[in-house]
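Worksheet: one structure, shown below.
Computed from the coordinates by the stated procedures, all read-outs in this text should not be read as laboratory data. Given the structure is predicted, the values throughout are model-derived calculations rather than measurements. All Cβ positions, even for glycine, are placed from backbone atoms using ideal geometry, and neighbour counts span all protein chains on display.
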Amino acid sequence: MNLKSIILDDDTRAGRLFDLFIQSLIIVSLISFSLETVKGKSESYYHILDIIETITVIIFTIEYLLRVILIDKKLKFIFSFFGLVDLFAILPFYLSTGLDLRSLRALRLLRLFKP
């Protein structure tokens, strides 16, 4: 079993498990995002949510980069609907423009519908 078949194929057990892992992270990330809107909690509460966000974005970034590296038609993937969804879901984390683009993280929900 090679890395390419795990990341790009969902017809193997490892590929399905990898997809399930990513889908679970998407749900965790969306729940974390929703919990951030609850006001009046302690600083440690928000700190834990920030840690969850950082870890999930790092994993999503690694997954995105691996897809770009491993796929044969790189530009086709990058500019595909799901390629752009993946990019726009992680990009706000890395942008430090002062704009609040965190709501774009909700785009990750679209990844659950990936064929």
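Report, in debye and to the nearest 20, how large the dipole of the stretch 3-111 comes out about its Cα centre when Lys and Arg carry +1 and Asp and Glu carry -1 on their Cβ.
On the way: 13 positive and 12 negative charges, 42 e Å.
It works out to roughly 200 debye.
For the stretch 3-111, with equal point scatterers placed on the C-alpha atoms only and solvent neglected, what are the log10 I(q)/I(0) values from the Debye formula at q = 0.12 1/Å, to two decimals?
Evaluating at q = 0.12 Å⁻¹ gives log10 I(q)/I(0) of -0.45.
Could you list Ser80, Ser24, Ser29 so that the one with the fewest beta carbons within 10 Å of its beta carbon is first and the one with the most is last? Please list the in-between numbers first.
Working: Ser80 13, Ser24 10, Ser29 22.
Lowest count first: Ser24, Ser80, Ser29.
Cut-off 15 Å, label point 7 angstrom out along Cα-to-Cβ of Val28: give me the residues of the stretch 4-21 whose amide nitrogen falls inside.
What the label zone holds, given the 15 Å backbone N cut-off, is 18-21.
Got a sec? How would Val57, Val85 order by Cβ neighbour count within 10 Å, fewest to most? Show your work: numbers first, answer last.
On the way: Val57 20, Val85 17.
With the fewest neighbours first, Val57, Val85 line up as Val85, Val57.
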